[in-house]
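First up is the structure itself, then whatever we jot down about it.
Just so you know, all these numbers are worked out from the coordinates, no wet-lab data involved. A quick note: this is a predicted structure, and the numbers were derived from the prediction, not measured. For neighbour counting, all protein chains shown are included, and Cβ atoms are generated from backbone atoms with ideal geometry for every residue, glycine included.
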Amino acid sequence: MSEEERNVAILKEAYRLWHETKGKSVSHWISICADAIEFGSIAQNLRSVPYMTTYGDVTALAKYFAGLALDWEMIEFRTENFVAQGERVIMLGRCSWRAKKNGIVVWTPKADSFRMKNGKIVEYYEYFDTAQVRDAMQG
């Protein structure tokens, strides 16, 4: 198995668990992250979701997952495509979440960019419809 195939397999398993547990497989995600990780979100400037920001180590990254669990209920998370080249893997998919404070549902295409070394995530950046997230958290 090539490095690219191994990285895709690691991420496919993580996303399978993420979907099946409706976002409760946090410990698995943490286990496949390197101690030093460059983590970022396209939503990092939205005041209503301060946990969707940059993180530099896996310990601090727990704030991201805690914020998601506090504010959102996952409805589904579907992966559709994985594209790998060297250390880089891109996941294209879709997801839907319900805002716990008001029941507003957000459905959005999702793109996640990873860089992996030795089977661990060392860089991650997420892309999704931030306008829907903002509106749901303000609604």
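Can you list the HN-Hα couplings for segment 108-116, worked out from phi with the Karplus curve (6.51, -1.76, 1.60; θ = phi - 60°), rounded to whole Hz and with x for Gly and Pro?
Working through the residues one at a time gives 8, x, 9, 10, 10, 10, 10, 10, 10 Hz.
For Lys120, which lysines qualify as cross-link partners when the Cα separation must be under 28 Å and same-chain residues fewer than eight apart are set aside?
Lys12, Lys22, Lys24, Lys63, Lys110
Specify the residue with the greatest mean-square fluctuation among Ala99, Ala43, Ala66, computed from a Gaussian network of the chain linking alpha-carbon atoms under 10 Å apart.
Judging by the Gaussian network model, the answer is Ala66.
5 Å is the cut-off here: which amide hydrogens, built 1.01 Å from N in the peptide plane, fall below it relative to Glu38, excluding neighbours closer than 5 in sequence?
Long-range HN contacts for Glu38: Glu123, Tyr124.
Report the Cα-based extents of segment 74-117 along its three principal axes, largest first, to the nearest Å.
Cα extents, longest axis first: 42, 18, 11 Å.
Full-extension gain between Ser113 and Lys100, please, as 0.36 nm times their residue separation minus the C-alpha to C-alpha distance.
2.0 nm
Please work out whether segment 12-105 counts as rounded, prolate or oblate from its C-alpha gyration tensor, where a ≥ b ≥ c are the square roots of the eigenvalues and a/c under 1.5 means rounded, while otherwise a/b larger than b/c means prolate and anything else oblate?
Here segment 12-105 falls in the oblate category.
Roughly how many whole Å is it from the C-alpha centroid of segment 19-36 to that of segment 69-139?
13
For Ile75, enumerate residues with amide H under 5 Å from its amide H, sequence gap 5+ or separate chain, H modeled in the peptide plane.
It is Ser96, Trp97, Arg98, by chain and number.
From the phi of every residue in segment 125-136, what ³J(HN,Hα) in whole Hz does the Karplus formula 6.51 cos²θ - 1.76 cosθ + 1.60 yield, where θ is phi - 60° and glycine or proline is x?
After applying 6.51 cos²θ - 1.76 cosθ + 1.60, I find 9, 10, 10, 6, 6, 5, 5, 5, 5, 4, 5, 5 Hz.
Counting other Cβ atoms within 10 Å, which GluC sites (Glu not before Pro) in segment 1-47 have at most 16 and lie in a DSSP loop?
Qualifying residues, ordered by number: none.
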